[in-house]
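Please treat every number below as a calculation from the coordinates, not as lab data. This one's a predicted model, so the numbers in the text were calculated from it and none came from an experiment.
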Amino acid sequence: MKRALNMVKIEPFEKYPRRYDKWFVGHRFAYESELRAIKELLPIGMGIEIGVGTGRFAKPLGIDIGLEPSREMSKIARKRGINVISGVAEKIPFKDSTFDFELMVTTLCFLDNVEEAFREVYRTLRVGGYFINGFVDRESFLGRIYEKNREINPFYKFANFYSVDEVVFELKGVGFKNFKYNQTIFHGLSDIKKVEPVKPGYGEGSFIVVRAEK
């Protein structure tokens with residue numbers, strides 16, 4: 001059942017990889033705002049993006065390695081110079097304590113099992129390493145819109161959105177500590193005409209970045 005569900009979630013990304021990738025062109029200021037919010041909390045060192053997609057975040061953030069289950073998305077990411085490994089977050093194909101940091105961006109809502117994925121991230125991080133997770137807060141303005149309209153959105157139809165408190169609860173449950181937060185996207189996507197500010201904390205912005213330490 002888990003494998004079947006995973007394939008259902010991946011299917012839209014196999015069918016419409018370029019439609020996904022063009023979102024970042026059509027929403028350039030929102031995209032740049034998210035990049036800034038992540039970059040402020042991104043450490044130096046050897047990193048990987050889990051759910052690298054088409055490489056839209058890994059490439060400008062200087063991350064060379066990505067994990068991705070969609071073959072079509074991986075093709076685009078490889079063209080951007082990312083070394084893409086086929087796999088899922090619940091079973092990361094690397095040894096214990098491999099990375100200085102691991103990044104997820106809007107991958108959280110597509111996980112089959114959040115606890116398993118977070119345990120795998122924890123396992124493959126070095127002691128003192130960081131997990132940076134960027135996602136749309138379910139309790140935010142944009143999160144409520146995504147929830148309401150997900151049946152008509154091929155990418156979010158089978159997504160599960162989470163609140164910041166739920167994410168932190170799961171992170172603490174596998175051993176993460178020392179949390180830092182950034183937030184951005186304070187308007188509806190169609191109303192964003194310039195790069196949005198990045199503020200510490202959460203509760204105002206729709207896009208949240210949580211950094212946790214192993």
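Quote the Stokes-Einstein diffusion coefficient, in whole µm² s⁻¹, for the chain, based on the Kirkwood radius over alpha carbon pairs, a temperature of 25 °C and a viscosity of 0.890 mPa s.
It diffuses with D of about 143 µm²/s by this estimate.
List every residue whose amide H lies under 5 Å from the amide H of residue 125, counting only residues 5 or more places away in sequence or on a different chain, with H placed 1.01 Å from N in the peptide plane.
The list, which skips near neighbours in sequence, is 97, 98, 99.
Tell me, what HN-Hα J-couplings in whole Hz come from the Karplus equation 6.51 cos²θ - 1.76 cosθ + 1.60 at θ = phi - 60° for each residue of the stretch 115-124, using x for Gly and Pro?
Couplings: 4, 4, 5, 5, 5, 5, 4, 4, 4, 8 Hz.
Among the lysines, select those whose C-alpha is under 26 Å from the C-alpha of residue 157, and discard any that sit fewer than 8 residues away in the same chain.
Those lysines meeting the cut-off are 2, 9, 15, 22, 75, 91, 148.
Residue-wise, which Karplus ³J(HN,Hα) couplings in Hz belong to the stretch 164-174, taking 6.51 cos²θ - 1.76 cosθ + 1.60, θ = phi - 60°, and x for glycine or proline?
For the stretch 164-174, the Karplus curve yields 4, 4, 5, 5, 5, 4, 5, 5, 5, x, 9 Hz.
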